[in-house]
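Engineer: Mind looking over this structure? Questions follow.
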Amino acid sequence: MALLHGAAVTVLAKYEVFNPTDQTLVISLALAILVGAAAGWSAVDAWRDKPERGKNWFIAALIAGPVSGVLYVIGRAVFVDQTGVSELGGALTGGAAFSALLVLIPAGLGLFVGGRITKTAPDGEDTDVEAQPASEKPAG
């Protein structure tokens, strides 16, 4: 997730250089991709019933924040405008907090939704529910 966030912010910075006034659509698409990636991935984790998935996503958000900030500064220095170490402070505070929340909140939503998706048994296999004898079945 940190690599995805760092790349997205670097691409947005590069786009800003060439189109300083027309950024609304591109920023919205980048945010949608980042939110969708976290929500989708965490929903799959919940659907597959991975152990300790909430803790894993919390730790991933804590790691993604500062790492994406460092990757942003490196990417901007290499690909955009030779940004120096002076940008690192802002990237590790405000940028890191925003990236961490941009992972944590959609992941929480994905874990909630993914846990509610029902799994269907393949055809021909019995489910975990045992069949009741005819005498115990409710009338209907």
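Engineer: Specify whether the C-alpha gyration tensor of the stretch 1-122 places it in the rounded, prolate or oblate class, a ≥ b ≥ c being the square roots of the eigenvalues: rounded for a/c under 1.5, otherwise prolate if a/b is larger than b/c and oblate if not.
Structural biologist: prolate
Engineer: Got a sec to turn the phi values of the stretch 43-59 into Karplus ³J(HN,Hα) couplings, 6.51 cos²θ - 1.76 cosθ + 1.60 with θ = phi - 60°, whole Hz, x for Gly and Pro?
Structural biologist: 5, 5, 4, 5, 5, 7, 6, 5, x, 6, 5, x, 5, 5, 6, 5, 5
Engineer: Counting only residues 5 or more places away or on other chains, whose amide H sits under 5 Å from the amide H of Thr83 once H atoms are built in the peptide plane?
Structural biologist: The list, which skips near neighbours in sequence, is Ala77.
Engineer: R0 = 35 Å: FRET efficiency of Thr120 with Lys14, Cβ-based, nearest 0.05?
Structural biologist: After rounding, the FRET efficiency stands at 0.20.
Rule-based calculations on the coordinates, nothing more; no lab input. Note that this is a predicted model, so its numbers are computed, not measured. Please note: Cβ atoms are built from the backbone with ideal geometry, for glycine as well, and neighbour counts cover all protein chains shown.
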